[in-house]
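Data first, discussion second: the structure below is written as C-alpha coordinates.
The values are calculated or read from the model by the stated rules, or taken from the named source; none is laboratory data. Bear in mind the structure is a predicted one, so any value in this text is a computation, not a measurement. Ideal geometry is used to build each Cβ from the backbone, glycine not excepted, and the neighbour counts take in all protein chains shown.
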Amino acid sequence: MWLSCGLPSPFFFLLVSLSQGASCHADDPPPPHLPLPPLRRVYSLRQRATTFERFGKEASKKGSKKEPSVGTSLPPYHNFREPADVGRLRTRLLSWYDLEKRELPWRTLAQIETDVNIRTYAVWVSEVMLQQTQVATVIDYYKKWLKRWPTVADLAAATLEEVNQMWAGLGYYSRGKRLHEGARKVVSELGGRMPDTADELLRRLPGVTGAVDGNVIRVLCRMRAVGADCTSPAVTEALWALANTLVDPGRPGDFNQAMMELGARVCTPKGPLCQQCPVRSHCHSYLKVHARQEQNSRKFLGSKGTKPPALPDIEECGASGTCRLCPTEPWDEELGVQNFPRKPAKKPPRVERTLTCVPTRRGGDGEDEFLLVKGPNKGLLAGLWEFPSVPLAEVDDSEKKQQAALCAHLGNILGAPLTGNPLQYAGEVLHVFSHIRRTYVVHTLRLGGGDEARPRPANVRWIGRSALREAAVSAAVKKTVKLCDSAGLRNQQSSPVSAASIPGIIRPTSGIFKTRREEKGRRRQEEAEAAPSSGSKTQTSLRSFFGTPKREPC
Ligand code: SF4
(Lines give C-alpha, C1' and ligand atoms only; values in the text may rest on other atoms or scores of the structure.)
Protein backbone atom coordinates (compact mmCIF):
# COMPACT_ATOMS: atom_id res chain seq x y z
CA MET A 1 0.00 0.00 0.00
CA TRP A 2 2.69 2.45 0.87
CA LEU A 3 4.38 1.88 -2.46
CA SER A 4 1.22 2.68 -4.32
CA CYS A 5 0.99 6.07 -2.69
CA GLY A 6 4.64 6.76 -3.24
CA LEU A 7 6.71 7.92 -0.39
CA PRO A 8 4.86 10.91 0.76
CA SER A 9 2.40 10.34 3.42
CA PRO A 10 4.46 7.77 5.14
CA PHE A 11 7.45 9.90 4.86
CA PHE A 12 7.70 9.30 8.44
CA PHE A 13 11.02 7.76 8.44
CA LEU A 14 13.13 10.59 7.39
CA LEU A 15 14.99 12.78 9.73
CA VAL A 16 16.42 16.12 8.91
CA SER A 17 19.75 16.53 10.48
CA LEU A 18 20.43 19.55 12.54
CA SER A 19 23.61 20.59 14.16
CA GLN A 20 22.46 18.55 17.10
CA GLY A 21 19.74 16.09 17.78
CA ALA A 22 16.97 15.04 15.63
CA SER A 23 13.41 14.48 15.97
CA CYS A 24 10.91 15.60 17.79
CA HIS A 25 7.87 17.18 18.09
CA ALA A 26 9.48 19.26 20.64
CA ASP A 27 7.26 18.41 23.47
CA ASP A 28 10.25 16.21 24.06
CA PRO A 29 13.71 17.26 24.90
CA PRO A 30 15.80 17.08 21.78
CA PRO A 31 16.49 13.44 21.08
CA PRO A 32 20.04 12.34 20.65
CA HIS A 33 21.69 12.22 17.33
CA LEU A 34 22.05 8.58 16.70
CA PRO A 35 24.83 7.07 14.69
CA LEU A 36 23.51 4.74 12.05
CA PRO A 37 24.73 1.51 10.67
CA PRO A 38 26.88 2.13 7.58
CA LEU A 39 24.19 1.68 4.98
CA ARG A 40 21.97 4.19 6.65
CA ARG A 41 24.44 6.95 7.16
CA VAL A 42 23.53 8.52 3.86
CA TYR A 43 20.08 9.37 5.11
CA SER A 44 19.26 12.92 5.45
CA LEU A 45 15.63 13.31 6.27
CA ARG A 46 13.52 12.12 9.10
CA GLN A 47 14.52 8.62 9.53
CA ARG A 48 11.81 8.03 11.99
CA ALA A 49 9.70 7.45 8.98
CA THR A 50 11.99 5.32 6.96
CA THR A 51 12.56 2.88 9.69
CA PHE A 52 9.13 1.45 9.75
CA GLU A 53 8.34 2.14 6.16
CA ARG A 54 11.31 0.32 4.87
CA PHE A 55 11.07 -2.48 7.30
CA GLY A 56 7.39 -2.71 6.53
CA LYS A 57 8.26 -3.19 2.91
CA GLU A 58 10.71 -5.91 3.78
CA ALA A 59 8.17 -7.58 5.98
CA SER A 60 5.60 -7.43 3.21
CA LYS A 61 7.98 -8.97 0.75
CA LYS A 62 8.51 -11.86 3.05
CA GLY A 63 4.77 -12.39 3.17
CA SER A 64 4.90 -12.01 6.88
CA LYS A 65 1.69 -10.11 7.26
CA LYS A 66 -0.13 -12.99 8.90
CA GLU A 67 2.74 -14.16 10.99
CA PRO A 68 4.93 -11.32 12.25
CA SER A 69 8.58 -12.21 12.08
CA VAL A 70 10.50 -11.77 15.28
CA GLY A 71 14.14 -10.79 15.26
CA THR A 72 16.49 -13.05 17.12
CA SER A 73 19.58 -10.87 17.46
CA LEU A 74 18.50 -9.19 20.70
CA PRO A 75 18.61 -10.65 24.19
CA PRO A 76 15.20 -12.27 24.73
CA TYR A 77 14.20 -9.91 27.54
CA HIS A 78 14.62 -6.87 25.29
CA ASN A 79 12.97 -8.43 22.29
CA PHE A 80 9.44 -9.34 21.31
CA ARG A 81 9.55 -13.07 21.47
CA GLU A 82 6.11 -14.19 20.35
CA PRO A 83 4.74 -13.35 16.92
CA ALA A 84 1.25 -13.38 18.37
CA ASP A 85 2.35 -10.79 20.94
CA VAL A 86 3.60 -8.53 18.17
CA GLY A 87 0.31 -8.94 16.33
CA ARG A 88 -1.67 -7.96 19.41
CA LEU A 89 0.54 -4.93 20.01
CA ARG A 90 0.02 -3.72 16.44
CA THR A 91 -3.71 -4.14 16.68
CA ARG A 92 -3.96 -2.33 20.02
CA LEU A 93 -1.75 0.53 18.96
CA LEU A 94 -3.44 1.08 15.60
CA SER A 95 -6.93 0.84 17.11
CA TRP A 96 -5.97 3.47 19.66
CA TYR A 97 -4.47 5.65 16.95
CA ASP A 98 -7.57 5.41 14.77
CA LEU A 99 -9.65 6.71 17.64
CA GLU A 100 -7.28 9.20 19.21
CA LYS A 101 -5.14 10.69 16.48
CA ARG A 102 -5.15 14.43 16.19
CA GLU A 103 -6.21 16.16 13.02
CA LEU A 104 -3.04 17.89 11.92
CA PRO A 105 -2.78 19.79 8.65
CA TRP A 106 0.01 17.62 7.26
CA ARG A 107 -1.86 14.46 8.11
CA THR A 108 -5.03 15.74 6.52
CA LEU A 109 -3.16 16.85 3.45
CA ALA A 110 -1.38 13.52 3.18
CA GLN A 111 -4.78 11.83 3.13
CA ILE A 112 -6.67 14.07 0.76
CA GLU A 113 -4.05 15.32 -1.68
CA THR A 114 -4.18 13.20 -4.82
CA ASP A 115 -1.03 14.58 -6.45
CA VAL A 116 1.78 12.46 -5.11
CA ASN A 117 4.37 15.13 -5.85
CA ILE A 118 2.53 17.73 -3.80
CA ARG A 119 1.92 15.21 -1.07
CA THR A 120 5.56 14.31 -0.87
CA TYR A 121 6.58 17.92 -0.78
CA ALA A 122 3.99 18.82 1.87
CA VAL A 123 5.01 15.99 4.17
CA TRP A 124 8.65 16.86 3.66
CA VAL A 125 7.98 20.44 4.78
CA SER A 126 6.14 19.24 7.86
CA GLU A 127 8.91 16.85 8.78
CA VAL A 128 11.50 19.59 8.56
CA MET A 129 9.43 22.07 10.53
CA LEU A 130 8.71 19.57 13.27
CA GLN A 131 12.37 19.18 13.99
CA GLN A 132 12.92 20.66 17.43
CA THR A 133 9.69 22.63 17.28
CA GLN A 134 6.37 21.95 18.92
CA VAL A 135 3.41 20.91 16.85
CA ALA A 136 1.35 23.80 18.20
CA THR A 137 3.95 26.28 16.97
CA VAL A 138 4.45 24.59 13.62
CA ILE A 139 0.80 24.51 12.57
CA ASP A 140 0.53 28.22 11.70
CA TYR A 141 3.89 28.33 9.99
CA TYR A 142 3.02 25.24 8.01
CA LYS A 143 -0.28 26.62 6.79
CA LYS A 144 1.28 29.93 5.79
CA TRP A 145 4.15 28.18 4.08
CA LEU A 146 1.93 25.94 1.95
CA LYS A 147 -0.36 28.81 1.11
CA ARG A 148 2.58 30.76 -0.23
CA TRP A 149 4.51 27.87 -1.78
CA PRO A 150 2.04 25.07 -2.46
CA THR A 151 4.44 23.12 -4.67
CA VAL A 152 8.10 22.34 -4.70
CA ALA A 153 8.44 24.47 -7.85
CA ASP A 154 6.95 27.46 -6.04
CA LEU A 155 9.45 27.06 -3.23
CA ALA A 156 12.33 26.71 -5.67
CA ALA A 157 11.32 29.99 -7.30
CA ALA A 158 11.42 31.86 -3.97
CA THR A 159 14.50 33.71 -2.77
CA LEU A 160 16.39 32.64 0.32
CA GLU A 161 15.50 36.01 1.80
CA GLU A 162 11.80 35.20 1.44
CA VAL A 163 12.33 31.78 2.94
CA ASN A 164 14.20 33.23 5.92
CA GLN A 165 11.46 35.79 6.33
CA MET A 166 8.81 33.08 6.43
CA TRP A 167 10.90 31.02 8.84
CA ALA A 168 11.64 33.89 11.22
CA GLY A 169 10.69 32.89 14.75
CA LEU A 170 10.67 29.14 14.10
CA GLY A 171 14.30 28.71 15.14
CA TYR A 172 17.04 26.48 13.74
CA TYR A 173 17.18 28.64 10.67
CA SER A 174 19.33 26.28 8.64
CA ARG A 175 16.25 24.13 8.23
CA GLY A 176 14.53 26.68 6.01
CA LYS A 177 17.66 27.07 3.97
CA ARG A 178 17.95 23.33 3.45
CA LEU A 179 14.35 23.05 2.37
CA HIS A 180 15.00 25.79 -0.14
CA GLU A 181 18.17 24.14 -1.41
CA GLY A 182 16.36 20.82 -1.64
CA ALA A 183 13.50 22.34 -3.63
CA ARG A 184 15.94 23.93 -6.07
CA LYS A 185 17.69 20.63 -6.49
CA VAL A 186 14.44 18.83 -7.18
CA VAL A 187 13.60 21.36 -9.86
CA SER A 188 17.03 21.61 -11.44
CA GLU A 189 18.12 17.97 -11.23
CA LEU A 190 14.97 15.91 -10.98
CA GLY A 191 12.70 17.77 -13.36
CA GLY A 192 10.50 18.99 -10.51
CA ARG A 193 9.51 15.49 -9.38
CA MET A 194 10.07 14.69 -5.75
CA PRO A 195 11.92 11.38 -5.30
CA ASP A 196 9.46 8.54 -5.08
CA THR A 197 11.37 6.15 -2.92
CA ALA A 198 12.73 6.68 0.54
CA ASP A 199 16.27 5.80 -0.44
CA GLU A 200 16.32 8.15 -3.38
CA LEU A 201 14.78 10.91 -1.39
CA LEU A 202 17.37 10.51 1.30
CA ARG A 203 20.14 10.37 -1.24
CA ARG A 204 18.98 13.30 -3.30
CA LEU A 205 17.92 15.92 -0.82
CA PRO A 206 20.59 17.81 1.06
CA GLY A 207 21.93 17.68 4.50
CA VAL A 208 20.49 14.88 6.52
CA THR A 209 21.63 12.07 8.72
CA GLY A 210 19.37 9.52 10.22
CA ALA A 211 18.04 9.06 13.67
CA VAL A 212 15.07 7.38 15.19
CA ASP A 213 12.42 9.81 16.37
CA GLY A 214 12.78 10.79 20.01
CA ASN A 215 9.23 9.79 20.84
CA VAL A 216 9.79 6.37 19.33
CA ILE A 217 13.08 5.93 21.17
CA ARG A 218 11.35 6.62 24.45
CA VAL A 219 8.44 4.27 23.81
CA LEU A 220 10.67 1.42 22.65
CA CYS A 221 13.15 1.86 25.49
CA ARG A 222 10.37 1.77 28.04
CA MET A 223 8.53 -1.10 26.46
CA ARG A 224 11.65 -3.25 26.26
CA ALA A 225 13.46 -1.88 29.35
CA VAL A 226 16.40 -0.61 27.36
CA GLY A 227 18.30 1.44 29.91
CA ALA A 228 21.77 1.80 28.44
CA ASP A 229 22.80 5.13 26.94
CA CYS A 230 20.30 5.58 24.14
CA THR A 231 22.93 7.18 21.92
CA SER A 232 25.18 4.12 22.04
CA PRO A 233 25.60 1.98 18.90
CA ALA A 234 24.24 -1.08 20.70
CA VAL A 235 21.02 0.69 21.61
CA THR A 236 20.71 2.21 18.16
CA GLU A 237 20.98 -1.21 16.58
CA ALA A 238 18.50 -2.60 19.06
CA LEU A 239 15.98 0.13 18.26
CA TRP A 240 16.26 -0.56 14.56
CA ALA A 241 15.79 -4.24 15.19
CA LEU A 242 12.75 -3.62 17.36
CA ALA A 243 11.29 -1.32 14.75
CA ASN A 244 11.86 -4.01 12.16
CA THR A 245 9.98 -6.46 14.29
CA LEU A 246 7.08 -4.24 15.21
CA VAL A 247 6.12 -2.37 12.08
CA ASP A 248 2.78 -3.36 10.65
CA PRO A 249 3.40 -4.22 7.01
CA GLY A 250 -0.19 -3.46 6.15
CA ARG A 251 -0.11 0.05 7.59
CA PRO A 252 3.54 1.01 8.06
CA GLY A 253 2.92 4.74 7.84
CA ASP A 254 0.06 4.70 10.32
CA PHE A 255 2.04 2.47 12.60
CA ASN A 256 4.89 4.92 12.65
CA GLN A 257 2.56 7.85 13.24
CA ALA A 258 0.90 5.89 16.01
CA MET A 259 4.21 5.27 17.75
CA MET A 260 5.06 8.96 17.59
CA GLU A 261 1.58 9.95 18.71
CA LEU A 262 1.84 7.57 21.66
CA GLY A 263 5.20 9.05 22.64
CA ALA A 264 3.95 12.60 22.29
CA ARG A 265 0.68 12.21 24.16
CA VAL A 266 0.80 9.20 26.44
CA CYS A 267 4.36 7.96 26.91
CA THR A 268 5.61 11.48 27.54
CA PRO A 269 9.07 12.25 28.92
CA LYS A 270 7.60 13.36 32.22
CA GLY A 271 4.32 12.17 33.66
CA PRO A 272 3.60 9.29 31.28
CA LEU A 273 -0.06 8.23 31.36
CA CYS A 274 0.47 4.53 31.68
CA GLN A 275 -3.10 3.87 32.76
CA GLN A 276 -4.28 5.14 29.40
CA CYS A 277 -1.64 3.39 27.38
CA PRO A 278 -2.99 0.91 24.84
CA VAL A 279 0.19 -1.18 24.96
CA ARG A 280 0.84 -1.28 28.67
CA SER A 281 0.42 -5.04 28.80
CA HIS A 282 3.44 -5.25 26.47
CA CYS A 283 5.53 -2.81 28.48
CA HIS A 284 8.30 -4.16 30.69
CA SER A 285 8.68 -0.85 32.52
CA TYR A 286 5.02 -0.65 33.37
CA LEU A 287 4.86 -4.24 34.50
CA LYS A 288 7.96 -3.80 36.61
CA VAL A 289 6.63 -0.73 38.37
CA HIS A 290 3.27 -2.37 38.84
CA ALA A 291 4.85 -5.48 40.33
CA ARG A 292 7.02 -3.45 42.69
CA GLN A 293 4.03 -1.52 43.92
CA GLU A 294 2.28 -4.78 44.59
CA GLN A 295 5.31 -6.04 46.45
CA ASN A 296 5.49 -2.92 48.58
CA SER A 297 1.83 -3.03 49.51
CA ARG A 298 2.11 -6.70 50.44
CA LYS A 299 5.17 -6.03 52.54
CA PHE A 300 3.21 -3.33 54.28
CA LEU A 301 0.39 -5.78 55.01
CA GLY A 302 2.97 -8.23 56.32
CA SER A 303 4.35 -5.66 58.72
CA LYS A 304 0.84 -5.21 60.09
CA GLY A 305 0.68 -8.86 61.03
CA THR A 306 -1.32 -10.03 58.04
CA LYS A 307 0.35 -12.88 56.18
CA PRO A 308 0.99 -11.51 52.69
CA PRO A 309 0.36 -13.67 49.64
CA ALA A 310 3.33 -14.71 47.49
CA LEU A 311 5.17 -11.86 45.83
CA PRO A 312 4.69 -11.44 42.09
CA ASP A 313 7.63 -12.24 39.86
CA ILE A 314 9.45 -9.36 38.26
CA GLU A 315 11.00 -10.45 35.03
CA GLU A 316 14.55 -9.24 34.52
CA CYS A 317 17.12 -9.61 31.78
CA GLY A 318 18.86 -12.96 32.00
CA ALA A 319 22.09 -11.40 30.74
CA SER A 320 22.02 -8.49 33.19
CA GLY A 321 25.57 -7.56 34.15
CA THR A 322 26.93 -8.18 30.67
CA CYS A 323 23.95 -6.99 28.61
CA ARG A 324 24.68 -3.91 26.53
CA LEU A 325 21.05 -2.81 26.68
CA CYS A 326 20.49 -2.98 30.42
CA PRO A 327 20.95 0.14 32.52
CA THR A 328 24.32 0.60 34.14
CA GLU A 329 22.76 2.51 37.00
CA PRO A 330 20.50 0.88 39.57
CA TRP A 331 16.74 1.11 39.30
CA ASP A 332 15.41 4.30 40.87
CA GLU A 333 12.07 3.73 42.61
CA GLU A 334 11.22 7.40 42.38
CA LEU A 335 11.52 7.48 38.62
CA GLY A 336 9.37 4.47 37.85
CA VAL A 337 8.99 3.95 34.11
CA GLN A 338 11.00 7.10 33.66
CA ASN A 339 14.10 5.08 34.46
CA PHE A 340 14.04 4.57 30.69
CA PRO A 341 15.50 5.84 28.48
CA ARG A 342 18.82 6.97 29.87
CA LYS A 343 20.59 9.80 28.16
CA PRO A 344 24.16 11.00 28.44
CA ALA A 345 24.72 14.14 30.48
CA LYS A 346 24.13 17.23 28.41
CA LYS A 347 27.03 19.51 27.67
CA PRO A 348 26.40 22.91 29.23
CA PRO A 349 25.71 25.63 26.69
CA ARG A 350 28.49 28.02 25.79
CA VAL A 351 28.15 31.42 27.46
CA GLU A 352 28.67 34.39 25.16
CA ARG A 353 28.28 38.13 25.37
CA THR A 354 27.79 40.43 22.43
CA LEU A 355 27.93 44.21 22.33
CA THR A 356 25.05 45.37 20.14
CA CYS A 357 23.89 48.70 18.85
CA VAL A 358 20.40 49.57 17.66
CA PRO A 359 20.81 52.55 15.31
CA THR A 360 17.54 54.35 14.61
CA ARG A 361 16.44 57.35 12.60
CA ARG A 362 13.19 58.96 11.58
CA GLY A 363 12.14 57.68 8.16
CA GLY A 364 10.58 59.69 5.38
CA ASP A 365 7.05 58.80 6.45
CA GLY A 366 7.71 59.75 10.06
CA GLU A 367 8.06 56.14 11.20
CA ASP A 368 11.19 55.09 13.06
CA GLU A 369 13.63 53.04 11.02
CA PHE A 370 16.23 50.56 12.26
CA LEU A 371 19.59 49.82 10.74
CA LEU A 372 20.16 46.11 10.15
CA VAL A 373 23.09 44.14 8.84
CA LYS A 374 22.73 40.82 7.06
CA GLY A 375 24.60 38.02 8.76
CA PRO A 376 26.98 35.69 6.94
CA ASN A 377 25.50 32.84 4.89
CA LYS A 378 26.82 30.22 7.26
CA GLY A 379 26.62 29.85 10.99
CA LEU A 380 24.10 30.12 13.74
CA LEU A 381 21.86 32.80 12.27
CA ALA A 382 22.90 32.38 8.64
CA GLY A 383 21.42 34.94 6.29
CA LEU A 384 19.29 36.68 8.90
CA TRP A 385 19.27 40.41 9.52
CA GLU A 386 20.76 41.56 12.81
CA PHE A 387 21.72 44.73 14.61
CA PRO A 388 25.39 45.69 14.28
CA SER A 389 27.32 43.78 16.91
CA VAL A 390 30.79 42.90 18.10
CA PRO A 391 31.53 39.91 20.30
CA LEU A 392 32.55 40.67 23.86
CA ALA A 393 35.25 38.08 24.04
CA GLU A 394 37.51 39.49 26.73
CA VAL A 395 36.15 40.07 30.18
CA ASP A 396 39.06 42.30 31.01
CA ASP A 397 38.68 44.64 28.08
CA SER A 398 37.73 48.05 29.36
CA GLU A 399 34.31 49.49 28.75
CA LYS A 400 35.91 52.25 26.75
CA LYS A 401 37.74 49.80 24.52
CA GLN A 402 34.63 47.75 23.91
CA GLN A 403 32.58 50.80 23.00
CA ALA A 404 35.35 52.02 20.73
CA ALA A 405 35.27 48.69 18.90
CA LEU A 406 31.52 48.96 18.45
CA CYS A 407 31.79 52.58 17.27
CA ALA A 408 34.47 51.61 14.74
CA HIS A 409 32.23 48.79 13.47
CA LEU A 410 29.30 51.19 13.16
CA GLY A 411 31.51 53.72 11.38
CA ASN A 412 32.39 51.11 8.77
CA ILE A 413 28.76 50.21 8.26
CA LEU A 414 27.57 53.81 8.04
CA GLY A 415 30.46 54.90 5.88
CA ALA A 416 31.36 57.73 8.27
CA PRO A 417 33.22 57.67 11.58
CA LEU A 418 31.32 58.26 14.81
CA THR A 419 32.78 60.92 17.02
CA GLY A 420 32.51 61.31 20.77
CA ASN A 421 30.51 58.69 22.60
CA PRO A 422 27.05 58.75 21.06
CA LEU A 423 25.96 55.33 22.35
CA GLN A 424 23.20 55.15 24.91
CA TYR A 425 23.09 52.07 27.11
CA ALA A 426 19.68 50.35 27.04
CA GLY A 427 20.10 47.09 28.94
CA GLU A 428 20.78 43.44 28.27
CA VAL A 429 18.91 40.72 26.42
CA LEU A 430 19.50 37.06 27.11
CA HIS A 431 18.72 34.64 24.31
CA VAL A 432 19.23 30.93 24.61
CA PHE A 433 20.07 29.02 21.47
CA SER A 434 20.36 25.24 21.44
CA HIS A 435 23.97 25.26 22.60
CA ILE A 436 24.69 28.90 23.38
CA ARG A 437 23.48 31.30 26.07
CA ARG A 438 24.10 34.65 24.52
CA THR A 439 23.67 37.97 26.29
CA TYR A 440 23.31 41.01 24.10
CA VAL A 441 24.58 44.19 25.79
CA VAL A 442 22.40 46.69 24.02
CA HIS A 443 23.03 50.33 23.17
CA THR A 444 20.98 52.68 21.09
CA LEU A 445 22.21 55.28 18.64
CA ARG A 446 19.90 57.95 17.33
CA LEU A 447 20.95 59.25 13.95
CA GLY A 448 19.71 62.16 11.94
CA GLY A 449 18.68 61.72 8.32
CA GLY A 450 20.68 62.88 5.38
CA ASP A 451 22.71 59.84 4.50
CA GLU A 452 20.24 58.56 1.91
CA ALA A 453 22.56 59.50 -0.94
CA ARG A 454 25.54 57.73 0.61
CA PRO A 455 26.24 54.34 -1.00
CA ARG A 456 25.52 51.45 1.32
CA PRO A 457 26.69 47.86 1.04
CA ALA A 458 24.04 45.34 -0.04
CA ASN A 459 24.16 43.70 3.36
CA VAL A 460 23.11 46.88 5.18
CA ARG A 461 19.65 48.39 5.15
CA TRP A 462 17.26 50.67 6.99
CA ILE A 463 13.93 49.12 7.73
CA GLY A 464 10.73 50.60 9.16
CA ARG A 465 9.18 49.34 12.36
CA SER A 466 6.22 47.68 10.68
CA ALA A 467 8.44 45.96 8.09
CA LEU A 468 10.72 44.75 10.88
CA ARG A 469 7.89 42.65 12.30
CA GLU A 470 7.78 40.62 9.08
CA ALA A 471 11.49 40.67 8.29
CA ALA A 472 13.90 37.73 8.34
CA VAL A 473 15.18 38.46 11.81
CA SER A 474 15.74 36.22 14.79
CA ALA A 475 13.73 36.26 18.00
CA ALA A 476 16.73 37.90 19.69
CA VAL A 477 16.38 40.96 17.43
CA LYS A 478 12.72 41.26 18.34
CA LYS A 479 13.55 41.04 22.03
CA THR A 480 16.17 43.73 21.56
CA VAL A 481 13.62 46.05 19.97
CA LYS A 482 11.30 45.46 22.92
CA LEU A 483 14.08 46.35 25.29
CA CYS A 484 14.81 49.57 23.40
CA ASP A 485 11.14 50.45 23.36
CA SER A 486 10.87 49.95 27.09
CA ALA A 487 14.07 51.94 27.66
CA GLY A 488 12.70 54.74 25.46
CA LEU A 489 9.46 54.76 27.41
CA ARG A 490 11.38 54.80 30.64
CA ASN A 491 13.20 57.91 29.53
CA GLN A 492 9.95 59.57 28.58
CA GLN A 493 7.93 58.61 31.65
CA SER A 494 8.34 59.76 35.20
CA SER A 495 7.59 56.25 36.51
CA PRO A 496 10.08 53.83 34.98
CA VAL A 497 8.93 50.85 32.93
CA SER A 498 10.26 47.51 34.06
CA ALA A 499 12.27 46.07 31.21
CA ALA A 500 12.79 42.98 33.32
CA SER A 501 9.13 42.10 32.86
CA ILE A 502 9.90 41.09 29.28
CA PRO A 503 11.24 37.52 29.23
CA GLY A 504 14.95 37.43 28.47
CA ILE A 505 15.43 41.12 29.05
CA ILE A 506 17.69 42.13 31.87
CA ARG A 507 17.17 45.31 33.84
CA PRO A 508 19.45 48.07 32.61
CA THR A 509 22.24 49.38 34.77
CA SER A 510 24.21 52.55 34.39
CA GLY A 511 26.87 51.29 32.00
CA ILE A 512 27.79 48.30 29.90
CA PHE A 513 29.64 46.93 32.88
CA LYS A 514 28.84 47.86 36.43
CA THR A 515 32.18 47.18 38.04
CA ARG A 516 34.60 44.52 36.99
CA ARG A 517 33.89 42.52 40.14
CA GLU A 518 30.15 42.72 39.61
CA GLU A 519 30.62 41.75 36.01
CA LYS A 520 32.65 38.69 36.95
CA GLY A 521 30.12 37.73 39.61
CA ARG A 522 27.29 38.00 37.12
CA ARG A 523 29.22 35.93 34.62
CA ARG A 524 29.85 33.21 37.18
CA GLN A 525 26.17 33.18 37.97
CA GLU A 526 25.30 32.86 34.28
CA GLU A 527 27.69 29.98 33.86
CA ALA A 528 26.30 28.26 36.92
CA GLU A 529 22.78 28.64 35.54
CA ALA A 530 23.89 27.27 32.19
CA ALA A 531 25.54 24.20 33.69
CA PRO A 532 23.35 21.14 34.18
CA SER A 533 22.60 20.63 37.84
CA SER A 534 24.46 17.62 39.09
CA GLY A 535 22.45 14.84 40.54
CA SER A 536 19.15 16.46 39.77
CA LYS A 537 16.64 14.12 38.31
CA THR A 538 15.39 15.08 34.96
CA GLN A 539 12.25 13.14 35.51
CA THR A 540 9.88 13.11 38.37
CA SER A 541 8.37 10.36 40.36
CA LEU A 542 6.08 7.43 40.62
CA ARG A 543 3.31 9.80 41.52
CA SER A 544 2.87 10.47 37.85
CA PHE A 545 2.64 6.80 37.11
CA PHE A 546 -1.05 6.87 37.81
CA GLY A 547 -1.33 10.55 37.04
CA THR A 548 -4.37 12.36 35.76
CA PRO A 549 -4.93 12.61 32.02
CA LYS A 550 -3.21 15.47 30.31
CA ARG A 551 -3.60 16.37 26.68
CA GLU A 552 -0.38 17.69 25.29
CA PRO A 553 -0.54 19.77 22.17
CA CYS A 554 1.85 17.27 20.68
FE1 SF4 B 1 5.03 4.24 28.04
FE2 SF4 B 1 3.69 3.62 30.25
FE3 SF4 B 1 2.81 2.86 27.85
FE4 SF4 B 1 4.93 1.74 28.89
S5 SF4 B 1 2.86 1.65 29.69
S6 SF4 B 1 4.71 2.44 26.78
S7 SF4 B 1 5.87 3.44 29.95
S8 SF4 B 1 2.99 4.95 28.61
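Annotation: Gly427 fulfils all but one of (1) over 21 Å from Gly448 (Cβ atoms); (2) more than 28 Å from the chain's Cα centre (by Cα); (3) outside any strand (DSSP E or B); (4) touching a residue at least 40 places away in the same chain (Cβ under 8 Å); the unmet one is (3). With respect to the conditions (1) at pLDDT below 95; (2) of a type in the set (Val, Ile, Thr); (3) within 16 Å of the ligand (Cβ to nearest atom), Thr236 lacks only one, and its number is (3).
Condition check for Met194 on (1) under 25 Å from Arg178 (Cβ atoms); (2) at pLDDT below 90; (3) more than 16 Å from the ligand (Cβ to nearest atom): one failure, at (2). Taken as a whole, the condition of being within 16 Å of the ligand (Cβ to nearest atom) and crowded, with 20+ Cβ neighbours inside 10 Å does not apply to Ala168. Taking the criterion of being under 25 Å from the mean Cα position of the chain (by Cα) and either within 8 Å of the ligand (Cβ to nearest atom) or assigned to a helix (DSSP H, G or I) (or both), the residues of segment 269-296 that qualify are Pro272, Leu273, Cys274, Cys277. Considering the conditions (1) touching a helix residue (DSSP H, G or I) at 6+ places or on another chain (Cβ under 8 Å); (2) crowded, with 19+ Cβ neighbours inside 10 Å; (3) not aromatic (Phe, Trp, Tyr), Glu189 is excluded by exactly one of them, (2). For segment 206-228, filtered to residues that are of a type outside the set (A, V, I, L, M, F, W, C), under 20 Å from the mean Cα position of the chain (by Cα) and more than 30 Å from Leu190 (Cβ to Cβ), the residue that is modelled with the highest pLDDT is Arg218.
Here is a yes/no grid of residues against (1) under 30 Å from Glu386 (Cβ atoms); (2) in a helix (DSSP H, G or I); (3) of a type outside the set (Gly, Ala, Ser); (4) in contact with a Phe, Trp or Tyr (Cβ under 9 Å, 6 or more places away or on another chain):
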{"position": "Val138", "(1), (2), (3), (4)": "yes, yes, yes, yes"}
{"position": "Asp199", "(1), (2), (3), (4)": "no, yes, yes, yes"}
{"position": "Asn215", "(1), (2), (3), (4)": "no, yes, yes, no"}
{"position": "Gly227", "(1), (2), (3), (4)": "no, no, no, yes"}
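Looking across segment 336-360 at every residue that is more than 16 Å from the ligand (Cβ to nearest atom), of a type outside the set (D, E, K, R) and under 22 Å from the mean Cα position of the chain (by Cα), the one that is farthest from Ala426 (Cα to Cα) is identified as Pro344.
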